[in-house]
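Report on the following structure.
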Amino acid sequence: MNARSSAWPLALLFACLVVYASLYPFTGWRDQGVVPLAFLQAPLPQYWTGFDIGSNLVGYAPLGLLLALAMRRSGVRWSWMVALGLPALLSLTVEMLQSYLPMRVPSNVDLALNTAGAAIGVALALLIERLGALRRWSRIRANWFEPSAHGSLVLLALWPFALLYPQPVPFGLGHVWNRLESGLTSLLTDTPFLEWLPIRLVEPAPLSPLSEALCIGLGVLAPLLMGYGDMRSRARRLVFCVLVLVGAVGVAGLSSALTYGPDHAWAWVTPQAELGLVAAFVLGLLFAALPGRMCHVIMLLCLVLSLSLLNDAPVSPYFAQSLEVWEQGRFIRFHGLSQWLGWLWPFAALVFGLLAVARSSSATARASKIAP
């Protein structure tokens, strides 16, 4: 079986996230006089928590699963063994690098758990293959999506994970200007380039309830239209619309529960959120009849408008407090990677949309030249 698989970029992205989580915060590098492989013969650690065991075990399972699926679809020989060996080698490498970070401790237990997690992922991929799920997925993908639907499937698969990190507005990804402004200001302090920064002298006004509802609706419409652009029929688009809305509500509830506790899972459901979701659903039904290229064009407009509104709004103290749960609590290893997903997803979607529109324009131009 030789086929281009979306599992390849997902596996690469997940490997990068694993490295980020393993070496965070990337500061204080120095030679501590320890042989990098010495941890292999070290005694077992005296203290560990269930969260550490679970995170090390589960953290590598998706990587093993994705690598095994990608190699199987690409026809790589000994795909199961390679899919197990690569995560084990990655784990060994990051554990060795941790010996140069005073804030991190390399552990033979972590290496064993990571390898076991990858083995679980590979075993799950083998089970999926034996049950014929790969063949069924190939048929579903061929029936639902265009052959070129690789970038959109990758971005749509990453979208729920980007939503897990707390956002100033539900589904409002890409809120980066405040962090970027403060970071550049600190970097360029005492340099003549500081005057070049477009620093806002007046604190912007908070989003009005209507603007917040608009951001929420646009945040759901963008991935919805991304999927529409590569889907084959209107009926499938309507099913996809329902799935996206239900999935978005579920992930937002999970994010709120992780941040504030299960009792506050639906605290984000405000009148603005309800209005934005209803508007996204209605527009999703109306846009289901549009051509794929037009869906991508409207997706770009949604992204640009939502990014403009979000990045022109201040950060509320309530939102800043919610970030402390992730940045100082037990999510410290994961807050950075989930934050980066939340920051970069809409910009990656912008690049994807521009390329998709340009590709469809080129195809239309070629067709017009061929036509008599």
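The values are calculated or read from the model by the stated rules, or taken from the named source; none is laboratory data. No experiment lies behind these values; they were computed from the predicted model shown. All Cβ positions, glycine included, derive from the backbone under ideal geometry; neighbour counts span all protein chains shown. Remember, those area values only see protein heavy atoms, side chains included, never the ligands or the DNA or RNA. Shrake-Rupley method; radii C 1.70, N 1.55, O 1.52, S 1.80 Å.
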- [ ] Go through L254, L207, L201, L258 for me and flag whichever is surrounded by 13 or more Cβ atoms within 10 Å (Cβ to Cβ), at pLDDT below 90 and more than 21 Å from the chain's Cα centre (by Cα).
- [x] L207
Task: Scope the range 116-141; condition farther than 29 Å from S22 by Cα, open to solvent by 60 Å² or more (accessible area, probe 1.4 Å) and part of a helix (DSSP H, G or I); matching residues - done: R130, R135, R136, W137, R139, I140
Open item on the list: Tally up the residues in the range 52-86 that are of a type in the set (G, A, S) and within 14 Å of G117 (Cα to Cα), please.
Closed with: 8
Open item on the list: Tally up the residues in the range 84-115 that are among the β-branched types (V, I, T), more than 14 Å from L57 (Cα to Cα), open to solvent by 40 Å² or more (accessible area, probe 1.4 Å) and part of a helix (DSSP H, G or I), please.
Closed with: 1
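Here's the yes/no breakdown for (1) at positive phi; (2) surrounded by fewer than 19 Cβ atoms within 10 Å (Cβ to Cβ); (3) in a helix (DSSP H, G or I); (4) small (G, A, S):
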| residue | (1), (2), (3), (4) |
| --- | --- |
| V278 | no, yes, yes, no |
| A289 | no, yes, no, yes |
| C302 | no, no, yes, no |
| S306 | no, no, yes, yes |
Open item on the list: If I filter the range 226-238 down to residues being open to solvent by less than 70 Å² (accessible area, probe 1.4 Å) and either over 28 Å from F347 (Cβ atoms) or of a type in the set (A, V, I, L, M) (or both), which single residue comes out as modelled with the lowest pLDDT?
Closed with: S233
